[in-house]
Amino acid sequence: MTERLPLAALSVALGAALVASPARAQQGGATVTGIVRDAATHAPVPGALVLVEGATPAARAASDSAGVYRLTRVPPGPQTIRVQRIGYAPGRVTVVVPGAGVLARDLEVAVAPLRMQRVTVTADPVGRARGELGTASVIDRDAIVNQTASSVAGLLELVPGTPLAPPGLDGVQQTSLRSVPTSQDFTDPNPSASRLAAFGTPIILDGVPISNNANLQSLGPRGEFLLNTSAGGGVDLRRLPASTVERLEVVRGIPSARYGDLTQGVIVVDTRAGAVRPLATARFDARTGEANALGGWTLFGGRQVLSGNVDVARTRLAPGLREDAVTRVAFQVAHRATLGAAAHSAAGGSVDDTAATPPRLVLDTRLDAYSLRQDSPERPTVDPGRVSWTRDYGGRLSERARLRLFGRTQLTVNGALDRATQDAFSQVQAVRGALPFTDLLTEGRAIGHYIGGPYLAAVRLQGAPWLAYGRAESETPLARFGFDQTLRAGAELRREWNDGPGYQFDVEFPPQTTFNGVQGFDRPRRYDAVPPLAASAFYVDDRLVRPFGGTGLFGGGSLEMQAGLRADLLHRGGSFGGVRDAVLQPRLNVQLAPAPWVRLRGGWGRTAKLPSLADLYPAPQYFDVVNVNWYTPNPAERLAVLTTSRRDPTNPDLGFSVATKQEAGIELTPGWRDAVLAVTVYRDRTAGAIGIHPVPGFLPREHYQLSDSTLGTGVPPTIIEPASSVDTVPYLLQQPANNLALRNHGLEATLVLPELSRVRTRLEVQGAMTWSRLEQHDLDFGRSFTAFQVDERIPRAPYWDAVTRTGQRGIITYRVIHHQPELGLVVTATIQQNLRETHHDAGSTDSLAYAGYITRAGVLVPVPAEQRANPEYADLRREPRAGIFLQDVGPPNDWMMSLQVSKTIPLDGRLSFYAFNVLDRLGKFPTGLNQGRQYLPMRVGLELSMPLGRAAGKEGGA
Amino acid sequence: MTRVATTVAAVALLASLAAASRAAAQNEPGATTATDRVANETQAAWMFAWSPLRPIADQPRHLLRAAPLLDLLIAPAPRAGLLWNAGLAAGLPDDVADSRTEFRASGAADEGEYRRPLDPDGVAAQRLSGLGWRPLGSGGAAIGSARVSSETLDRASNADVLEPYGSSPLVATDTTNPAMRRTRAAIEGALGWRVLGFGVGLGAGVEAVDNDTRAPRVPRLGRATSPGASASASRTLFGGRVRLGAEARWLGGNETVTVIGQTGLTIANQLEGYADPDPRLVGNSPGYFRRADRDARAYTGVVGFTALGVAVDGWASRERTRLDYFGARQENPPTDHWAADGWDAGAAARWALPAHRLLVVAGVRRASLDGTAMRSDLTGFIVRARDHTLELSGQARWWSSDSTWGVGLVAQTAQEDRARRDYVAEAYSSITSWLPGASLEVARRILPATSVSVGAGLGRQYTSSQVPNPANMGPVYGALVAPELALYAANASARSVGVTLRQEARGASWFVRGAWESASPDAAAAGAAAAGAYAPRGTRSLWSLGGGVIMAVGPRR
């Protein structure tokens, strides 16, 4: 695939549009009509809301007293029609709408969704996120209830290319769409886009982003403690229970201009709200227990809706081995008030779709709170002293006002304040030899101490990140130039800061063990001294739809385009005054459907990701040079003299990471029993992403003679001024810089075969092959630099060009779905086939691979390639370059299977059995150079859902 | 005619006193582990005859139990047919005309000194289960079951594996004796259709167990999964009076255990018969690893007929099980093998006498197994095992004309012959046991919607044996094997009582059931134990308390 491919597709699409039939837009589209029925009794259901998902302009209608609905001007092509009513599970069908005429399609709703003729257990393969034309996976509530997941991360398994994982709260759960890890070396600072703040897939929760930019729960690039936090990467998805999600839109392609602070797509999460029947769910397996309850009620004659959701989950991380556990408590309260329109309809469901006629003003208030705790208690008999825990508590209050203005223009204003308290503690039993030590917080020379032997090294980080966010957006439907248009324009402001006490430790017992006399010990730092991050953005976006006339195999198509322009501004300091960096981001998506059953799509765009607070304002780095190291058996006679230097690694030029994204695809929906084939190829490149740039420098080191070095005096000697000699010690300042580049390209495909009606079984296949390449445009000083630092006899040390790391992963997921509506039974067998999965380092390791050397004065001297074999550089060739994998490294191909069985039970309940890795496959053993594959052990459990009562209002009423 | 019927009934009843139906011989699937006494309930076994998870060519040795009660207030009357007697899913369309759904919750505790070395000291379990069947559309029917249990084991014994007393003599043990926690979940189901005059059935299920130490000093991490599947076909002739069927069934799965020991203290002993194994020191990295992969298959033919009001179904199964053992994760091929071939054949008869409000069920079953164990470092067998079981049992139910009173009687006996020849230790054992038992249950409706039943059961074990002299064997044999054989070789008795209360409410039957059971060796064995021999001693008591709800709808056709 070349970069020209998507552009070529775009050209074809645009060219086709220019020669297409110039039918007027208002004349296009078809009418879809039918009867809404109860799946159990087949009786007509009046008052149900029927809508076309993602259609722009919106197409919606309510069923009349005979259950008849009528949707007009439905865009041609595959469309998802959703029907919902209070007291029923929402129904959803996919239809292929002709360019004109009438399509008859009856719909059904059921109290127990498993009794409907069609159940959804996977993401919609051809659906679109609301207001988006880029490639997306839409996971709606009916698919979510069939996916056993504890958090949003578990729902992402329905996205092509995502590996299966057991439900639970194991590990920090971060995601980065369309990229794969580029290293299996977890000590490597650049393993995966999901763990780097420079790249990002933002989570938009109810219209407001969740941000990890102000998360400072990390010790930085010099830290030695591994803390179980999400700092320095994407949002920890464990804070979002799957039970609270109504709809998940995973925009893998080019998002519209309304989304910013991203390089790897966007995930839009709508939580459950509105009038819903109270429901309690409990799940249990050997590791994870989870329970949640939710309900929603209409108030004041239907003009207000109040709903709530609470979820409690606990995962034991290593039962039988350790008592480590993660506990989460999350709750949400949602309130909606409508003004200037008819009362809340009986349709129920998501707050976005509660009425056939939009009211004048809608006010949505959300209060979210969560607690996420991970505890690793001490095992006194096995590993005394080792203790760690992280405790995150957060809350968010958000408000969204949607005001219908003159004409059909709608103004939406979002505001949110998000605050968290983060506390992380880690302690180990450290053992080290006697080391000279200073806790000086300022630059200068001071008498130090000795530390050594066994002691408890502990560190505690206390952060309090804040996010204040506001957005105003207008949306105006237009009909010009033969297109139905939806024009959106908006502006957003965000300010993020952290006012936590910071990271703290007993300076007498620092949490570092590899002190080499130069690198120095870190010092405590307060987070509330870190300046805030302020950013603003402005965007305009236009969605154009033009249906074609005509009939026959290639009649009744459409052309859709979405063009937008976004400007992101990073401001200086914490105010919205000066501009530190700005990025202009054009975005374009085009979709041409020459016939309703085929769609050609293409997109191109730029996106930008904000730097994190930790990158903008890194902690100062201390270097402690040892001037005197006089260690005697008698502590009273010891003398340590150290000179402390403080360097600020802040990079004033640090700015956005900027990504350029392209994709092209084809979707075939022949309308034959829900069969679908969708293929997308993509390529993106993020340049100027933030990595660590080692800035060389040197420190003068003074050596002193001692006044009296006789042992047994009981007092320490004194130094004799001036210094007897001075030498230099080179060092590397770890400075954030826009020096990383990430390239991804790949292919995604989804195939849905028609159901074998006799055995009520169907097969869905989705797969993705992804290549990622992470380049660091910088230098690599290798492992020999440490010895060079402290040994003044070594005059110089080699450096190399940085290694480029690549990763490749292919996953095909087969889902065999057996559904017996009469039994209310769904059996889903999911087989994951792991194809090629390799890691490869692009870099030379031969003795002539070095690029130059660094002197003891911190000067970089490049050596031309033709001179590197010269005898005067023999010392630079002595150390082989280590730690990189030149050959493909990765586990062999293999497969595993998970199983889920769901069944209705009396009282409208539902019982699910799930088994991850049901055959307990271990994974293939190592072969040749390949590493072995190790699948997580089998995990099985049960889930029980029971309605608790009836929703207030018109529950189930006709 | 009445006299003929009465005579036949009497004959059947007498036969039942010395007969055993296949259903009565089988317990609920999954009842093959050391904790089966608490992890499984006494649900009527014929309701699980279709289970694709029932063992194949494996005859685990159990502690003595009393004959089961009929559970008159809970279990429906036994039925006839290819599904209920022979377990063929293809019989579903013919044998399922009604709907039934039941849910149960129960707790149980089992403890006592009368146990084998690899049985846990004490076990407590909580369990939830559900079972249901119903017709499906026209010409179809479905049946399914799900259950989950949580078990806690105090001093779980030295066994690393879930079932240390299966037919295979290859059992992993270690020198620790930790408290364990087991989580067990199983789901299974079967569908049957009538296609072109044939019955076609498919069944599938899986059971998974997680078995981990609690508050570990020496962690022992185990897990097991057992998927099973069956395919069957049937044909009825002469208006349903003759039934023919065939089934192929597969049972797979594996069990994995990892022990992370304390260097120099923990020793793993892989029992391989009667010879003392080489002790293996278990460190903390990589620890001790053992995995067993199972591949078991059974092919069954069934013939049934109905004549003179008696429904008879006979079956014969050819069974084969192979277990491959691995000593390390990357080890391939396996180090040890167990292969067993066997036959399982029998017949069951059901005779309903509505005029006398009497139902009689009788059966016979003969199962045999010939297994060999092999070690990769030796040629030939290391152990050969031959197990034969003959089971006879019968049951009778009687209800008064106004259904106020009910009586249920079970009589059963079994003869077990188990022989082991260890070619490495040059030792031989042969134990023959007679296991007669009987139970009686009386039920009475005390209020219009309330009934109560009380029952009691007895069981006996008479044995004759030839076992190796422990003095000639090693210390591991003396600690882990000799007490087991001594228990089998000692006469013993078991007794049980149970009380059930049933209440009809809201269109369903709600019940509470409590039971107590105990087993102990005869005084002679206890005396030998007191004298220091390897004889069993003490008693083993099992308490259980549970309840549930049953929703049943009568035949649709």
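Assorted remarks:
- Qualifying residue in segment A:576-596 (condition: outside any helix (DSSP H, G or I), modelled with pLDDT under 90 and of a type in the set (A, V, I, L, M)): yes
- Criterion applied to A:T201, A:T135 was being within 12 Å of the chain's Cα centre (by Cα), of a type outside the set (D, E, K, R), closer than 30 Å to A:A472 by Cα and surrounded by 23 or more Cβ atoms within 10 Å (Cβ to Cβ), and the one residue passing it is A:T201.
- When the strands (runs of 3 or more DSSP E) confined to segment A:781-894 are screened for residues that are at pLDDT below 85 and either farther than 30 Å from B:I187 by Cα or within 14 Å of chain B (Cβ to nearest Cβ) (or both), those reaching at least 1 such residues are found at A:825-842.
- Restricting segment B:185-194 to residues that are within 11 Å of another protein chain (Cβ to nearest Cβ) and out of contact with any Lys or Arg (no Cβ under 6 Å at 6 or more places or on another chain), the residue that is surrounded by the most Cβ atoms within 10 Å (Cβ to Cβ): B:E188
- Taking every residue in segment B:161-184 that is within 14 Å of chain A (Cβ to nearest Cβ) and under 22 Å from A:M938 (Cβ atoms) and pairing it with any residue that is in a loop (DSSP other than H, G, I, E, B) and among the basic types (K, R), at least 6 positions away or on another chain, the pairs with Cβ-Cβ distances below 7 Å are B:M180/B:R214; B:R181/B:R214.
- Selection of segment A:283-307 for residues being over 22 Å from A:R402 (Cβ atoms), away from chain B (no Cβ under 14 Å) and either surrounded by 19 or more Cβ atoms within 10 Å (Cβ to Cβ) or in contact (Cβ under 8 Å) with a residue 24 or more places away in the chain (or both) yields A:E290, A:N292, A:A293, A:L294, A:G295.
The rows are residues; the columns are (1) under 19 Å from the mean Cα position of the chain (by Cα); (2) free of Cβ contacts under 8 Å to residues at least 24 places away in the same chain; (3) within 28 Å of B:L92 (Cβ to Cβ); (4) facing chain A (nearest Cβ under 8 Å).
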| site | (1), (2), (3), (4) |
| --- | --- |
| B:L202 | no, no, yes, no |
| B:G205 | yes, no, yes, no |
| B:A208 | yes, no, yes, yes |
| B:D212 | no, no, no, yes |
| B:G228 | yes, no, yes, no |
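- Test: residue in segment A:159-171 that is of a type in the set (A, V, I, L, M, F, W, C), surrounded by fewer than 22 Cβ atoms within 10 Å (Cβ to Cβ), touching a residue at least 12 places away in the same chain (Cβ under 8 Å) and within 25 Å of A:V889 (Cβ to Cβ): yes
- Scanning segment B:235-242 for residues that are crowded, with 22+ Cβ neighbours inside 10 Å and on the phi < 0 side of the Ramachandran plot turns up nothing.
- Flag for A:V269 being surrounded by fewer than 21 Cβ atoms within 10 Å (Cβ to Cβ) and more than 14 Å from chain B (Cβ to nearest Cβ): no
- Exclusive hit being touching a helix residue (DSSP H, G or I) at 6+ places or on another chain (Cβ under 8 Å) and either free of Cβ contacts under 8 Å to residues at least 60 places away in the same chain or under 30 Å from A:S211 (Cα atoms) (or both), set A:A464, A:A468: A:A464
- Residue count for segment A:649-664, restricted to those that are in contact with a Leu (Cβ under 9 Å, 6 or more places away or on another chain) and either surrounded by fewer than 17 Cβ atoms within 10 Å (Cβ to Cβ) or within 11 Å of A:V126 (Cα to Cα) (or both): 1
- When A:E943 is tested against (1) touching a Gly at 6+ places or on another chain (Cβ under 8 Å); (2) more than 7 Å from every other protein chain (Cβ to nearest Cβ); (3) modelled with pLDDT of 90 or more; (4) closer than 23 Å to B:G144 by Cβ, just one condition goes unmet, and that condition is (1).
- Filter result for the condition that a residue is part of a strand (DSSP E or B) and closer than 30 Å to A:E702 by Cβ, over A:G433, A:G395: A:G433
- Residue match in segment A:309-316 (condition: away from chain B (no Cβ under 13 Å), assigned to a strand (DSSP E or B), within 30 Å of A:L361 (Cβ to Cβ) and in contact with a Phe, Trp or Tyr (Cβ under 9 Å, 6 or more places away or on another chain)): yes
- Any hit, segment B:336-343, residues being closer than 30 Å to B:S400 by Cβ, in contact with a strand residue (DSSP E or B) (Cβ under 9 Å, 6 or more places away or on another chain), modelled with pLDDT of 90 or more and not in a loop (DSSP other than H, G, I, E, B): no
- Scanning segment A:405-416 for residues that are crowded, with 17+ Cβ neighbours inside 10 Å and touching a Pro at 6+ places or on another chain (Cβ under 8 Å) turns up just one, A:Q410.
- Filter pass, B:G197 being without any contact (Cβ under 8 Å) to a residue 40 or more places away in the chain and either aliphatic (A, V, I, L, M) or away from chain A (no Cβ under 14 Å) (or both): yes
- Test: residue in segment A:706-716 that is without any contact (Cβ under 8 Å) to a residue 24 or more places away in the chain and β-branched (V, I, T): yes
- Hey, A:A741 aliphatic (A, V, I, L, M), assigned to a strand (DSSP E or B) and at negative phi or not: yes
- In segment B:136-160, the residues that are assigned to a loop (DSSP other than H, G, I, E, B) and within 14 Å of another protein chain (Cβ to nearest Cβ): B:G137, B:S138, B:G139, B:A156, B:D160
- Residues that are modelled with pLDDT under 85 and under 23 Å from A:L942 (Cα atoms) do occur in segment A:88-107, at least one of them.
- Each residue in segment B:162-181 was checked for being touching a Ser or Thr at 6+ places or on another chain (Cβ under 7 Å) and in a strand (DSSP E or B), and 3 pass.
- Flag: A:P716 matches the condition of being crowded, with 16+ Cβ neighbours inside 10 Å, modelled with pLDDT under 95 and in a loop (DSSP other than H, G, I, E, B).
- Residues located in segment A:900-923, provided they are outside any strand (DSSP E or B), in contact with a Lys or Arg (Cβ under 7 Å, 6 or more places away or on another chain) and at pLDDT below 90: A:L922, A:G923
- Selection status of B:T256, over 25 Å from B:S368 (Cβ atoms), within 14 Å of another protein chain (Cβ to nearest Cβ), touching a strand residue (DSSP E or B) at 6+ places or on another chain (Cβ under 9 Å) and modelled with pLDDT of 90 or more: yes
- Taken over segment A:910-924, the criterion of being farther than 14 Å from A:V940 by Cα and either surrounded by fewer than 17 Cβ atoms within 10 Å (Cβ to Cβ) or within 8 Å of chain B (Cβ to nearest Cβ) (or both) is satisfied by A:L922 alone.
The values are calculated or read from the model by the stated rules, or taken from the named source; none is laboratory data. Everything numeric in this text was worked out from a predicted model, so none of it was measured. Glycine also receives a Cβ, built like all others from the backbone with ideal geometry; neighbour counts cover every protein chain displayed.
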